[in-house]
Amino acid sequence: YGEIWLARTVTGAFRAVKVVYRSTFESERAFLREFEGMSAFEPISRAHAGFMNILHVGRTAHYLYYSMELADDHLAGRKIDMVSYQPRTLKTDLARQKRLSADESIRLGLSLTEALGALHGRGLIHRDIKPSNIIFIEGVPKLADIGLVATSGQQSFVGTEGYVPPEGPGTPRADIYSLGKVLYETCTGKDRLDFPEIDSQLSTRPDRERLLQLNDVLIKACANDPKKRYKSAAEMHQGLAELGRGEGPAKSRAKILTLAALVLVLGIAGIGFWLSRSQPGIDLHLQTTIQSEPAGALVVLGDHAQKSPATFADLEARKYSLRIMSPGYEPVETSIDFRRKRSLDLAPFRLVRSKGAIRIQSEPPGAQFSVRSEDGQISREGATPQTIADLPTGKYSIVARRGDWELRGDVEVQRGDTISKSFAFVSAITSITSDPNGAEIYVDGKSRGRAPLRLDLPAREHELVAHLDGWPDEQQKINVDA
């Protein structure tokens, strides 16, 4: 909808100037929408830290424009170079580091829900929240592309595929949906069109527990049914704040209102009794428990995730995809069918250890080696070069020897990969003298003769001791370079 220029004022301050040409719009109405958005937002642009400040608005017959504070440079921050400048947006951040941690995503969500709540509180809707429309000024995330802001309920369709909810833009809950998709991208590194698929490497992430908690917030924010989403940005902010304090997401109101449940229990029981009589085998409360051996695996059933043993309740009568993941084990991918409307009692899933290989080499070849797993249960020996296949994934220590020369190294075997480890037994000629001549030279505790000497020593650290009768012993450590 326009061009954004980097400008500098007569006082030397840098600004961003957006110019929107009438010729780029099919109708006068669409052209005026941009101006209306600016006009509505400009008076309040300094009212919240999460708003981008509009500094000046202007209009001619052929174009309209507005100047605004300039975003940080995507690499240099506030050190602006007019030649190389590129604005820092959430999109550039994700391009550089792929994804944020769960805690970073929570902090970002707290900042943006607060800004969004302030915008909605003034009767305005953003309508196009996405990573490229979140800029950073002095490190603070702000809502940008203000020209798309409209009064609540305006139904002209704008927005970007994947961020716009099924019912279309124009309401606070539609903005919440868009923000949920943005946070999904930041914490998983996946595209918003993959939602609600969870990162296949989730089980290996150190922040997986926090990510699962954040996922519950995002599932609610991005529900296809607007009535199942957060009612307001403030409510979503509260859910994120609870995570920030280390608490789990608040239970849904339906689960908290126990009094209402007690009132309904007799009616539900009666209905259940009638259904059980008229339709044998039908279960009103579908549930299942997924167990794994060993326990503690991440279980993802549809868009729900828990650690095993995992009990999933209030399930729908449909087919669910099931994925079970645990570090060091092959993932299990299958499906569970509840279309017969019966709860399922499933046998535990026995996980199979993932396998990989180690290729061990030495220079020169022929070194003897031993390989030992971190838990001490696996031990292999041999001579280089050699490839050891079908090793369970995990960490291993390797010791390679040539005579009394010993080198050590650690490797981690990954699923389906062959890890290479090389040991270089290289040496260098080292000259050793003493004053006076004739001192007996000990290298690493072994006598090697009397000085002066020329020794072929391994390229590593050595301890030398010089002994001459009538003189105190001299000790020295040397590093021999190849």
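The values are calculated or read from the model by the stated rules, or taken from the named source; none is laboratory data. These numbers come from a predicted model, not from an experiment. Cβ coordinates were reconstructed from backbone atoms using ideal geometry, including for glycine residues, and neighbour counts include every protein chain displayed.
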- Pick out the one residue from Leu75, Leu108, Leu94 that is farther than 26 Å from Phe35 by Cβ and in a loop (DSSP other than H, G, I, E, B). Leu75
- Item | When residues of segment 460-479 are limited to those that are among the hydrophobic types (A, V, I, L, M, F, W, C) and within 28 Å of Ala400 (Cα to Cα), the one surrounded by the most Cβ atoms within 10 Å (Cβ to Cβ) | Leu464
- Among the candidates Glu69, Glu3, residue that is of a type in the set (D, E, K, R), surrounded by fewer than 16 Cβ atoms within 10 Å (Cβ to Cβ), closer than 17 Å to Asp145 by Cα and within 35 Å of the chain's Cα centre (by Cα): Glu3
- Search result, residues across segment 188-232 that are buried (at least 20 other Cβ atoms within 10 Å of the Cβ), in a helix (DSSP H, G or I) and either hydroxyl-bearing (Ser, Thr, Tyr) or not assigned by TED's automatic domain parsing to the domain that holds Ala102 (or both): Thr188, Ser203
- Return the only residue of Pro327, Pro280, Pro249 being part of a loop (DSSP other than H, G, I, E, B) and at pLDDT 70 or above. Pro327
- Report whether or not Arg460 is touching a residue at least 12 places away in the same chain (Cβ under 8 Å) and under 30 Å from Ser373 (Cβ atoms). yes
- Task: Could you tell me whether segment 446-459 includes any residue that is in contact with a strand residue (DSSP E or B) (Cβ under 8 Å, 6 or more places away or on another chain), of a type in the set (Asp, Glu) and surrounded by 13 or more Cβ atoms within 10 Å (Cβ to Cβ)?
- Result: no
- Could we say that Ala40 is in a helix (DSSP H, G or I) and assigned by TED's automatic domain parsing to the domain that holds Ile80 here? yes
- Task: Answer yes or no as to whether Ala47 is at pLDDT 85 or above and either within 24 Å of the chain's Cα centre (by Cα) or surrounded by fewer than 19 Cβ atoms within 10 Å (Cβ to Cβ) (or both).
- Result: yes
- Residue count, segment 115-130, condition part of a helix (DSSP H, G or I) and either charged (D, E, K, R) or in contact with a Phe, Trp or Tyr (Cβ under 9 Å, 6 or more places away or on another chain) (or both), comes to 3
- Note on the structure: Note on segment 373-430: residues touching a Phe, Trp or Tyr at 6+ places or on another chain (Cβ under 8 Å), assigned to a strand (DSSP E or B) and among the acidic types (Asp, Glu) are Glu381, Asp410, Glu412
- Task: Residue by residue through segment 285-305, note down the ones that are buried (at least 16 other Cβ atoms within 10 Å of the Cβ) and part of a strand (DSSP E or B).
- Result: Leu286, Thr288, Thr289, Ile290, Ser292, Leu298, Val299, Val300, Leu301, His304, Ala305
